[in-house]
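Undergrad: Take a look at the following structure, please.
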Amino acid sequence: MHRPTAHALIGTPEHPELVFRRSYHAAPENLRGALHDPSRLARWFGEIDGDPAAVGDAFTASLSEDPDDVAVGRVLACEEDLVQVSWSWQGEAESVITARIVPLGEGGAELRLHHALAEPGHAAGYGGGWEQTLQSLARALDEGSPQALPDEEIEAEGVRTFRLLTRSPLHIERRFAAGVDRVWRAFASAEGLRTWWWNQWPDVMIEADVRPGGAYRIQAPAVGITLEGTYLEVDEPTRLSFTWTWRDADGDSEDEAVDLHLVGEHDGSTLLTIRHTGPWADDAPAENYRQGWGDTLDALDLSF
């Protein structure tokens, strides 16, 4: 079944970050209007008070007819294809929402939504809420499908997805006898990756456009494996996060992501922390990845 929205969970257990990507047939300028025009926002998001048109402007968002279903925020960034706001719903700790429009070659556009939460307990609830909201946007753009599930089921499915994503992420720590800049280059460039990633197999092909929104692709034809994804966060030399799609004879993985954090130590070594998330109903996928990451990081260690 076609899944219109791709999801990812990055960040930390204390401060989860929800990522959504959904493509629309609408032209980029149409999607921009839906994102910037308060009268159009009311058709799919909520009633906006305060005329938030510039950085620093405050606003109130009434999300339903319930008088308590209200959020407040202020504009942090406002560009043609980028809107970023602070957000606090019903007095919760302030979070940050970033919406980015990416024009697509065939005339449509992709909306990339990133919600960095300040509290861990709201991830599943916001996951469901955003899932339903992105479907409301599709209807507002006249892209609603008669086969689409009712809003309540769409929201419930989003809640289930993020409950699985937050259930049991894989957490790995590894220390390397190399400076943080050197470890960063090993991960954050195609040239660096080629020196160690899957070097036990012949003819591995690696492409990496290391920037937010850039893509990477690693192919191992000898064993029929392809790994690819999109970079989400690139903060040199301390953080690199990206979606993760593993393709082999068994099919494609879905909604997985990896978040890498690098910390330079006083002795010149580097502590690497990996958080790998996926919608796993049991511990088997994480344990399989634990073994794979261990072997792969052994190769990185030997490269220094």
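Values quoted throughout were computed directly from the atomic coordinates according to the rules given, and no laboratory measurement underlies them. This is a predicted model, so every value here is computed, not measured. Glycine gets a Cβ as well: all are built from the backbone with ideal geometry, and neighbour counts include every protein chain shown.
Undergrad: Could you state the per residue volume, in Å³, of the convex hull enclosing the Cα atoms of segment 206-304?
TA: Working: hull volume 11.9 nm³, N = 99.
So the per-residue Cα hull volume is 120 Å³.
Undergrad: At a 10 angstrom cut-off on C-beta neighbours, averaged per residue, how do the peptides 45-51, 270-276 rank from highest to lowest?
TA: Highest to lowest by the protection proxy: 270-276, 45-51.
Undergrad: Shape call for segment 1-85 from the C-alpha gyration tensor, a ≥ b ≥ c root eigenvalues: rounded (a/c under 1.5), prolate (a/b greater than b/c) or oblate? Intermediate results must be reported in sequence, preceding the final value.
TA: On the way: a/c = 1.43, a/b = 1.18, b/c = 1.21.
Here segment 1-85 falls in the rounded category.
Undergrad: I'm checking a number: the convex hull volume of the Cα atoms of segment 5-166, normalised per residue, in Å³. What is it?
TA: Working: hull volume 18.2 nm³, N = 162.
Per residue, the Cα convex hull of segment 5-166 comes to 113 Å³.
Undergrad: Here's another thing I want to ask about it. Rounded, prolate or oblate: which fits segment 157-273, taking a ≥ b ≥ c as square roots of the Cα gyration tensor eigenvalues, rounded meaning a/c under 1.5, else prolate when a/b beats b/c?
TA: Working: a/c = 1.82, a/b = 1.17, b/c = 1.56.
It comes out oblate by the Cα gyration axes.
Undergrad: Quote the charge dipole size of the chain about the Cα centre in Debye, to the nearest 20; the model charges only the Cβ of Lys and Arg (+1) and of Asp and Glu (-1).
TA: Working: 24 positive and 53 negative charges, 148 e Å.
Taking the Cα centre of the chain as origin, the dipole is about 720 debye.
Undergrad: About its Cα centre, what dipole magnitude does segment 123-262 give when the only charges are +1 on Lys and Arg Cβ and -1 on Asp and Glu Cβ, stated in debye to the nearest 20?
TA: Working: 13 positive and 25 negative charges, 155 e Å.
In debye, rounded to 20, segment 123-262 gives about 740.
Undergrad: Among [x] 58, 54, 27; [y] 59, 45, 36; [z] 65, 55, 36, only one was calculated for this model; which label is it, if the read-out is Cα extents along the principal axes in Å?
TA: Computing Cα extents along the principal axes in Å and matching it to [x] 58, 54, 27; [y] 59, 45, 36; [z] 65, 55, 36 gives [y].
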